[in-house]
Amino acid sequence: MAVERTLTILKPDCVKKNLIGEVTKRIQESGFKIIAMKMTRLTKETAGGFYDVHRERPFFGELTDFMSSGASVPMILEKENAIADFRKLIGATNPAEADKGTIRADFADSLGENIVHGSDSVENGKIEAAYFFAESEVVANRS
Ligand code: CMP
């Protein structure tokens, strides 16, 4: 299996609930290597840029309001089969449909406030990682 990278964001609900440590522990114990990490507060505009593909959706305003409502923690994760394995670890987008024991089933309140983001493809993972991190901030790229 190929080593892949995925971009995750510990969303404002994760930070407000003091779950950064718990969620990061689950991520690391599942074999993901954190190769870039920062804490930031998105603006409505930067959240909109990140979720640009959803701009025409009815929930776009709600999504960008929520994502700019507090601090969040983007990370680049590396692992074999990272895209699919991470989506398995976090569970379905809607926590009501997420498998038992997944991060969203355990901690998320709603479809809109679902604790974490995970890239849906290797290609989007690259685009999303570049949205938050310069090459020089990715430790795996430094000697
Ligand atoms: P995420 O995986 O970060 O990607 C897009 C986000 O949009 C998704 O998680 C949800 O949090 C959010 N989202 C998707 N559908 C809806 C919806 N119907 N109402 C509110 N938020 C949504």
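Any idea which of 27, 20 is in contact (Cβ under 8 Å) with a residue 40 or more places away in the chain and within 14 Å of residue 77 (Cβ to Cβ)?
Working: 20 fails: within 14 Å of residue 77 (Cβ to Cβ).
On inspection, the qualifying residue turns out to be 27.
Pick from segment 1-25 the residues that are in a helix (DSSP H, G or I) and touching a Leu at 6+ places or on another chain (Cβ under 7 Å): which of them is least open to solvent (accessible area, probe 1.4 Å)? Show your work before the answer.
As a first pass, look at segment 1-25 and keep what is in a helix (DSSP H, G or I): 12-16, 20-25.
From the residues that got through so far, the ones that are touching a Leu at 6+ places or on another chain (Cβ under 7 Å) too are 20, 23.
On the way: 20: 47, 23: 0 Å².
The qualifying residue least open to solvent (accessible area, probe 1.4 Å) is 23.
Within segment 117-132, which residues are among the acidic types (Asp, Glu) and either closer than 21 Å to residue 13 by Cα or within 10 Å of the ligand (Cβ to nearest atom) (or both)?
Step one: filter segment 117-132 for residues among the acidic types (Asp, Glu), giving 120, 123, 128.
Hits for segment 117-132 are 120, 128.
How do the pairs read when you match residues in segment 35-56 that are within 15 Å of residue 132 (Cβ to Cβ) with residues anywhere that are charged (D, E, K, R) and surrounded by 13 or more Cβ atoms within 10 Å (Cβ to Cβ), using Cβ under 8 Å and keeping only pairs 6 or more apart or on different chains?
35/5; 35/78; 36/137; 38/137; 50/128
Taking segment 111-139 on its own, how many of its residues are touching an Asp or Glu at 6+ places or on another chain (Cβ under 9 Å) and hydroxyl-bearing (Ser, Thr, Tyr)?
Count: 1.
Find all pairs meeting these conditions: Cβ atoms under 8 angstrom apart; at least six residues apart or on different chains; first residue within segment 1-13 and farther than 15 Å from residue 119 by Cβ; second residue part of a strand (DSSP E or B) and of a type outside the set (D, E, K, R).
From residues that are farther than 15 Å from residue 119 by Cβ, the pairs are 12/72.
Step by step: first the residues of segment 94-109, then only those that are assigned to a loop (DSSP other than H, G, I, E, B) and surrounded by fewer than 16 Cβ atoms within 10 Å (Cβ to Cβ), then the one that is nearest to the chain's Cα centre (by Cα). Which residue is that? Write out each step before concluding.
Pass one, segment 94-109, residues assigned to a loop (DSSP other than H, G, I, E, B): 94, 98-102, 108-109.
Retained after the next criterion (residues that are surrounded by fewer than 16 Cβ atoms within 10 Å (Cβ to Cβ)): 94, 99-101, 109.
On the way: 94: 14, 99: 18, 100: 19, 101: 18, 109: 16 Å.
Within segment 94-109, the match that is nearest to the chain's Cα centre (by Cα) is 94.
Can you find a residue in segment 124-143 that is β-branched (Val, Ile, Thr), assigned to a helix (DSSP H, G or I) and open to solvent by less than 70 Å² (accessible area, probe 1.4 Å)? Walk me through it before giving the result.
The first filter runs over segment 124-143 and keeps only residues β-branched (Val, Ile, Thr), leaving 127, 138-139.
Those still in the list that are assigned to a helix (DSSP H, G or I) too: 127, 139.
This time we only want the ones that are open to solvent by less than 70 Å² (accessible area, probe 1.4 Å), so: none.
No, that holds for no residue.
In segment 50-80, which residue that is of a type outside the set (D, E, K, R), open to solvent by 40 Å² or more (accessible area, probe 1.4 Å) and in a loop (DSSP other than H, G, I, E, B) is farthest from the ligand (Cβ to nearest atom)?
Looking only at segment 50-80, we keep the residues that are of a type outside the set (D, E, K, R), and these are 50-51, 53-54, 58-61, 63-64, 66-77.
Next cut, open to solvent by 40 Å² or more (accessible area, probe 1.4 Å) only: 53-54, 58-59, 69.
Checking the rest, the ones that are also in a loop (DSSP other than H, G, I, E, B) come to 58-59, 69.
Details: 58: 7, 59: 3, 69: 13 Å.
Among residues in segment 50-80 that are of a type outside the set (D, E, K, R), open to solvent by 40 Å² or more (accessible area, probe 1.4 Å) and in a loop (DSSP other than H, G, I, E, B), the one farthest from the ligand (Cβ to nearest atom) is 69.
Kindly indicate whether residue 100 is more than 12 Å from the ligand (Cβ to nearest atom), within 19 Å of residue 25 (Cβ to Cβ) and touching a strand residue (DSSP E or B) at 6+ places or on another chain (Cβ under 8 Å).
Details: more than 12 Å from the ligand (Cβ to nearest atom): yes; within 19 Å of residue 25 (Cβ to Cβ): yes; touching a strand residue (DSSP E or B) at 6+ places or on another chain (Cβ under 8 Å): no.
Against the criterion (more than 12 Å from the ligand (Cβ to nearest atom), within 19 Å of residue 25 (Cβ to Cβ) and touching a strand residue (DSSP E or B) at 6+ places or on another chain (Cβ under 8 Å)), residue 100 does not qualify.
The values are calculated or read from the model by the stated rules, or taken from the named source; none is laboratory data. Model, not experiment: these values are computed from the prediction. Cβ: placed from backbone, ideal geometry, glycine included. Neighbour counts: every protein chain shown. Each accessible area value is taken on the protein alone, full model and side chains, heavy atoms only, with ligands, DNA and RNA left out. Shrake-Rupley method; radii C 1.70, N 1.55, O 1.52, S 1.80 Å.
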